[in-house]
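Worksheet: the structure to be examined is printed underneath.
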Amino acid sequence: MAKISINLKEGKVNKQSNIIIGIDLGTTNSLVAYIKDGQPVAVKGVDHKNTLVPSIVHFDENNKIIVGESAKEKLISAPERTIYSVKRLMGKSFHDVKDFKDHYGYEVIDEDEEKLVKVKVDHRFYTPIELSAEILSELKRRVEQDLEASVSKAVITVPAYFNDTQRQATRDAGKLAGLDVLRIVNEPTAASLAYGVGLNNEVDETVAVYDLGGGTFDVSILEIRAGIFEVLSTNGDTFLGGDDFDRAVVEYWMKQYNWNEKDIQEDKALSQSIRLLAEEAKKTLSTKNSFSGHVNHQEVSLTKDAFNELISPIIQKTIQACQEAVKDAKLDIDEIEKVVLVGGSTRIPLVKEKVSAFFQREVFDDLDPDEVVALGAAVQADVLAGNQKDVLLLDVTPLSLGIETVGGLMDTIIARNAKIPSKAGRNYTTSVDGQTNLKVAIFQGERDLVKDNRALGEFILKGIPPMPAGIPKIAIHFIIDADGILKVQAMEERSGVKTEVEIRSQYGVSEEEMAIMLLESLKNAESDMKARGLLEAKIEAKNIILSADKFLKANKELLSQEEYQQTQLLTIQLRATVEGADKHLINEAMQQLNTYTHPLAHRAMDHNIATAMKGKKL
Ligand code: ADP
Ligand code: MG
């Protein structure tokens with residue numbers, strides 16, 4: 001599997017592995033897994049102990065970046081330089097996150113409500129994408145150390161409820177970390193795959209995946225038909241999880257031992273140790289009936305019964321969400337055939353009990369609930385690598401697909417990351433009177449101008465009956481089938497004239513090319529916007545020049561010589577600015593011409609109406 005290459009500069013032999021890794025990029029913890037001897041295994045750190053990497057990024061005084069367990073230790077001593085829960089910020093604008101801004105110990109930037117959020121450390125700003133990329137880089141390093149070879153391909157999981165922007169942000173984070181992200185997979189899909197559910201294309205199944213992590217809870221109902229996973233419904237609470245159990249324990253102790261809330265709040269180190277002890281108690285009670293420990297020279301204890309009573313109302317909330325999810329999926333409870341448990345908090349016996357009771361069946365809990373998503377991602381990766389031939393997969397479009405419109409602008413019809421199969425369409429019209437042919441040029445990419453995107457093909461819709469510009473109604477449809485093959489249809493709806501072509505777009509661009517194109521589109525976003533503005537101004541100006549010429553021709557006898565000449569002059573001036581590249585000059589010249597001709601046009605209109613009236617026989 002491994003490819004050997006030699007680094008000429010350093011004289012070192014680099015081993016490259018073709019293994020595709022599976023990554024669970026979690027809110028609390030992240031981890032990486034791959035298939036070893038046919039089995040998915042989660043990769044441990046250098047200590048050979050932990051597979052979990054806390055999803056925490058710390059910037060030390062010299063702006064050196066530390067990720068994972070050592071970063072977690074800085075949560076108390078340097079909260080403003082220690083970023084956690086970055087997953088909650090992925091693909092979000094400040095407007096989206098401002099309600100829970102106070103949850104963070106670090107600074108979330110609010111310069112522009114509509115823009116994507118950034119995090120500020122010292123004088124530097126970091127996007128959630130960059131921060132996630134740091135976590136991904138750490139995982140990449142881990143697996144490379146383990147394999148003693150470099151890896152470059154990955155599958156990354158996201159919650160089923162993530163939207164396109166959040167998925168794209170995750171993909172971009174992977175790219176920044178030097179990974180080809182072959183697929184973004186839903187966490188519940190991965191969890192099912194880890195248990196082998198969905199790998200047999202012959203069986204159709206309906207599965208519930210219950211995921212209770214550190215700070216988030218979600219439940220998804222999946223329908224698996226012939227290897228295609230469809231999310232029927234999701235429900236949950238993005239602020240409910242193991243942290244709430246810890247908090248309930250702390251509050252219980254405060255009452256029990258008469259601790260002063262204020263004293264604890266003011267002593268950050270103390271409150272953190274209490275919180276950590278509460279978490280330890282919680283974990284202990286997953287296997288034992290009682291816990292005792294020390295904090296600040298005081299002995300504290302907790303029994304399993306007391307703990308269960310504390311957390312019951314929280315678990316009840318998750319059960320209600322399950323109920324909603326089943327209802328939204330339009331299913332009866334007995335139609336759910338399998339229940340998969342995910343997330344560290346499902347180790348709690350009472351959680352298992354309640355979930356099992358609600359769904360009225362045994363739950364899948366043999367695998368480590370912390371690891372199951374990453375293990376499933378590794379299975380998915382293995383399928384992608386072609387090692388599991390008979391498994392079918394649902395794909396997404398990697399880049400936007402669209403057509404060229406007036407002035408060379410890209411008009412996206414199917415946005416990147418749309419689910420395959422997919423269908424979308426839009427209406428267009430002609431720009432010239434009597435136009436009988438229409439060229440449809442198809443492009444792929446994220447840039448505003450088609451010349452910067454990749455041309456996929458073009459065809460001509462012929463035989464449009466001659467009509468004035470703007471009258472024909474031309475519907476263009478893009479259809480991507482399950483194999484990623486794009487079909488483009490164009491039809492003039494008034495006459496029924498129709499053309500169709502087939503394009504293989506999925507294989508048009510390699511991952512590397514795609515990465516470059518995305519990077520370019522990010523880099524050039526600003527200049528693209530300028531270019532677009534200029535083009536639009538030019539198009540508008542040309543239209544105005546055309547109408548001005550028409551107007552002069554039609555109304556010559558109505559205008560004084562001066563009016564005629566002045567209009568002509570302003571038109572010539574506008575034409576000159578269109579040759580240039582200054583949007584403001586064009587706009588100014590348009591404005592001048594418009595203002596000058598406005599009263600003239602009114603006069604002409606009045607005259608034309610009067611003439612029309614005269615001709616009418618009353
Ligand atoms: P996320 O998906 O949010 O990254 P995880 O699935 O890693 O989170 O779950 C982390 C949560 O699981 C934490 O609240 C942790 O305290 C809890 N947890 C881990 N082990 C146990 C255990 N043995 N018993 C109870 N809770 C546990
Ligand atoms: Mg998780």
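The values are calculated or read from the model by the stated rules, or taken from the named source; none is laboratory data. A quick note: this is a predicted structure, and the numbers were derived from the prediction, not measured. Cβ atoms come from the backbone with ideal geometry, glycine included; neighbour counts cover every protein chain shown.
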Qualifying residue in segment 325-335 (condition: at pLDDT 95 or above and near ligand 1 (Cβ under 10 Å from one of its atoms)): no
Selection from segment 245-273 of residues that are out of contact with any helix residue (DSSP H, G or I) (no Cβ under 8 Å at 6 or more places or on another chain) and in a loop (DSSP other than H, G, I, E, B): 257, 258, 260, 267
In segment 206-244, the residues that are part of a strand (DSSP E or B), in contact (Cβ under 8 Å) with a residue 40 or more places away in the chain and touching a Gly at 6+ places or on another chain (Cβ under 7 Å): 211, 212, 217, 218, 219, 229
Given (1) surrounded by 15 or more Cβ atoms within 10 Å (Cβ to Cβ); (2) more than 23 Å from residue 540 (Cβ to Cβ), number of the condition residue 447 does not satisfy: (2)
Flag if residue 37 is within 14 Å of ligand 1 (Cβ to nearest atom), under 24 Å from residue 386 (Cβ atoms) and either at pLDDT 85 or above or not assigned by TED's automatic domain parsing to the domain that holds residue 177 (or both): no
Segment 390-409: number of residues that are touching a Ser or Thr at 6+ places or on another chain (Cβ under 8 Å) and either at pLDDT 85 or above or in a strand (DSSP E or B) (or both): 3
Hits in segment 27-46 - residues which are within 13 Å of ligand 2 (Cβ to nearest atom) and part of a loop (DSSP other than H, G, I, E, B): 27, 28
Residue selected from segment 78-130 under the condition among the small types (Gly, Ala, Ser) and modelled with pLDDT of 85 or more, by the criterion nearest to residue 158 (Cα to Cα): 85
Filter result (assigned to a strand (DSSP E or B), touching a residue at least 40 places away in the same chain (Cβ under 8 Å) and over 30 Å from residue 229 (Cα atoms)) within segment 420-441: 427, 428, 438, 440
The one condition in (1) touching a Gly at 6+ places or on another chain (Cβ under 9 Å); (2) away from ligand 2 (no atom under 16 Å from the Cβ); (3) under 30 Å from residue 193 (Cα atoms) that residue 315 fails to fulfil: (1)
